[in-house]
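Participant: Below you'll find the structure I mean.
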Amino acid sequence: MSKKKGLSAEEKRTRMMEIFFETKDVFQLKDMEKIAPKEKGITAMSVKDVLQSLVDDGMVDCERIGTSNYYWAFPSKALHVRKRKVEVLESQLSEGNQKYANLQKNIEKAKIGRHETEERAMIAKELSSLREERDQLKAEVEKYKECDPQVVEEIHNIFAIKSWAKRKFGLEENKIDKNFGIPEDFDYID
């Protein structure tokens, strides 16, 4: 038992356009719903959607006359639409090529004076060693941060406030530390 595979949306659109091009006629929706299934194998249920997608893309013209919608498409219009599309794409391609050429020129300009010379290599090496030295000095400063007079003063103030809070409010030291986010390993400096 073999099942017949349905047409893809693009196949339906192509076949619908064939109806217009082969007949060079004007149709109403009800006409297309009769012709499309018989001649092109497009299910009657999908004719309206396929037709609307072609109208939306400007491939089929639609005009309301009285209470009816009339649809038509002629090969010359399709050719004209394709020519316009080709012109737009060629314009975009030309712009893209121009941008590419400008970027290539900018790359070449940026390369000027950046040739790998012995002097440049030595300067780069010196820069690298200076950066390493800076990082080492920062680490050293971080180690001795505890001896910074300003840091020491702040620590003294914290302990003075803790001592005052214990006397004034009768609070336990670990509760003060917990409520004010003071680490457990926070020590007094002599």
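The values are calculated or read from the model by the stated rules, or taken from the named source; none is laboratory data. Owing to the predicted nature of the structure, the values given are computational and were not obtained by experimental measurement. Cβ placement follows ideal geometry from the backbone for every residue including glycine, while neighbour counts extend to all protein chains displayed. Surface areas here come from the heavy atoms of the whole protein model, side chains and all, with no ligands, DNA or RNA. Shrake-Rupley method; radii C 1.70, N 1.55, O 1.52, S 1.80 Å.
Participant: Report the trypsin sites (Lys or Arg not before Pro) located in the range 106-190 that are in a DSSP loop and have at most 16 other Cβ atoms inside 10 Å of their Cβ, or state none. Intermediate results must be reported in sequence, preceding the final value.
Facilitator: Details: sites: Lys109, Lys111, Arg114, Arg120, Lys125, Arg131, Arg134, Lys138, Lys143, Lys145, Lys162, Lys166, Arg167, Lys168, Lys175, Lys178; in loops: Arg114.
Taking the range 106-190 and a limit of 16 other Cβ atoms within 10 Å, the loop trypsin sites (Lys or Arg not before Pro) found are Arg114.
Participant: Separate question: Determine which lysines satisfy two conditions relative to Lys138: a Cα distance under 29 Å, and not lying fewer than 8 residues away in the same chain.
Facilitator: The reachable lysines, counting only those whose Cα sits under 29 Å from Lys138, are Lys125.
Participant: Compare the peptides 32-41, 66-75 by average per-residue count of other Cβ atoms within 10 angstrom and give them in order, highest first.
Facilitator: Details: 32-41: 16.0, 66-75: 13.7.
In descending order of packing, they fall as 32-41, 66-75.
Participant: In whole Hz, with x marking every Gly and Pro, tabulate ³J(HN,Hα) for the range 69-75 from phi via Karplus 6.51 cos²θ - 1.76 cosθ + 1.60, θ = phi - 60°.
Facilitator: Per-residue couplings from phi come out as 9, 10, 10, 7, 7, 10, x Hz.
Participant: Related question: Of the chymotrypsin sites (Phe, Trp or Tyr not before Pro) in the range 115-189, which ones lie in a loop per DSSP and count no more than 14 other C-beta atoms within 10 Å?
Facilitator: Working: sites: Tyr144, Phe159, Trp164, Phe169, Phe180, Phe186, Tyr188; in loops: Phe186, Tyr188.
Loop-located and lightly packed - Phe186, Tyr188.
Participant: Now, a different point. At a 1.4 Å probe radius, carbon and sulfur cover how many percent of the accessible area of the range 76-154? Please report the intermediate quantities before stating the final value.
Facilitator: Working: 4230 of 7620 Å².
That fraction is 55 percent.
Participant: Okay, next question. Along the range 127-141, what does the Karplus equation 6.51 cos²θ - 1.76 cosθ + 1.60 (θ = phi - 60°) give for ³J(HN,Hα), rounded to whole Hz, x for Gly and Pro?
Facilitator: 4, 4, 5, 5, 5, 4, 4, 4, 4, 5, 5, 4, 5, 5, 4
Participant: So how much slack lies between Cys62 and Ile155, counting 0.36 nm per residue of separation and subtracting their Cα-Cα distance, in nm? Kindly include the intermediate steps, with their values, before the conclusion.
Facilitator: Values: separation 93, 0.36 × 93 = 33.48 nm, distance 8.31 nm.
The Cys62-Ile155 span can extend by a further 25.2 nm.
Participant: Under 16 Å from the Cα of Lys109, which lysines turn up, not counting those fewer than eight places away in the same chain?
Facilitator: Straight-line reach from Lys109, under 16 Å: Lys99.
Participant: Something else: Any idea of the accessible area per residue across the chain, 1.4 Å probe, to the nearest Å²? Walk me through the numbers on the way to the answer.
Facilitator: On the way: 15800 Å² over 190 residues.
Heavy-atom accessible area per residue stands at 83 Å².
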